[in-house]
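Note sheet for the following structure.
What follows is calculated from the coordinates using simple rules that are stated; it is not laboratory data. Computed from a prediction, not measured in an experiment: that's the story for all the values here.
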Amino acid sequence: MAAIQERDSSISDKTSNGSTAVLRISLRWPIVTSLVLLGIALFFKWVDTFALRLDERLGEIILCKTLGFAMVVAFVWAAGRSLRDIGLHSRHLALSLLLGSGITAAALVVGYGAEFVLQLESEPEFRLAAIDPKAGVTGGILFVLWMLLGNAINSFMEEGLFRGVMIRLFRVRLSFWWANLMQAFLFGLWHLPWVLKWYQVGELEAHGGLLFAALSQFLPMLLIGFVWGIFYLRTDSLWVPWIAHCLNNTVFNLVHIGTASGLDSGPALRGPVSLIVSMLGMFVVKYAADRFQMPEVKPWGEWTRYDLGTEG
């Protein structure tokens, strides 16, 4: 108890001068603040998916993605900070983009390759087609451009909220590993509304039933959320998980394996295999971060001259 009181006193001392009310509140109750932000984002998602049903009409729940990222921006600004303070800065930009895209590209090549080889007897071939697998919507070139835009905005929103803001807030109270596990757990929960959507439209059995659908949404998202969290924590650059997230979703939407039975009708190996390779990529990120002296993410509110861009 004494240690907690001393820590709270230290937080108060650090933020008493020149801080905003939002910053003081978020430092006092960082976990509650994160859950409130998640609740607001979930409300946007609920309206988008279940009330307006934009995924069925447009193939993208673009409203909640846009409003969610706007919420992240508004929260950061209200705390007296800028987006560079959650990792959207230009330091090590080229290296950050190379790390995120390189690891993800390798993961996708191995994942698709494994699935392709396993179906050699069925004469598989790679095909390009714009498909939103969650909403079951397809389209032509305009839909491709629409999905690219949606994936970019979605990656900004989810990386900004779960990695950029939540990890920094959780680090106020939690250790490096627990902070990352907490945001990854919430990232997994964030994807569960799709199970309710499939139940609503009568497609739940096509996704393996209630339990399988829930596990197939939650567990992979928890694990990849943990991976992308490490990418961010080790580099202090949100560009690393952002490009990984955006590239991963885009390729899964556009690149498919076709056989006589149809598109993506064989064993779905690409996801699990790609995930394993991405997890191995955490060691690559750690090595690169150490090699090029990329700083680790600091707790919310602990800003230094380096963070503000006045050094380095």
The chain: calculated mean residue ellipticity at 222 nm from DSSP helix runs of at least 4, using -39500 (n - 2.57): -21000 deg cm²/dmol
Distance from region 173-229 to region 75-132 (C-alpha centre basis), Å: 19 Å
Kindly count the pairs of lysines across the chain whose alpha carbons are less than 27 Å apart, treating pairs on different chains or eight or more residues apart as eligible. 9
Just how many % of Cα pairs in the chain lie over 26 Å apart, if you round to the nearest whole percent? 48 percent
Rounded to whole Å, √(5λ) for the Cα gyration tensor eigenvalues of region 45-146, largest first, gives 33, 25, 11
Could you give the length gained on full extension between PHE116 and ILE276, defined as 0.36 nm per residue of separation minus the Cα-Cα distance, in nm? 55.9 nm
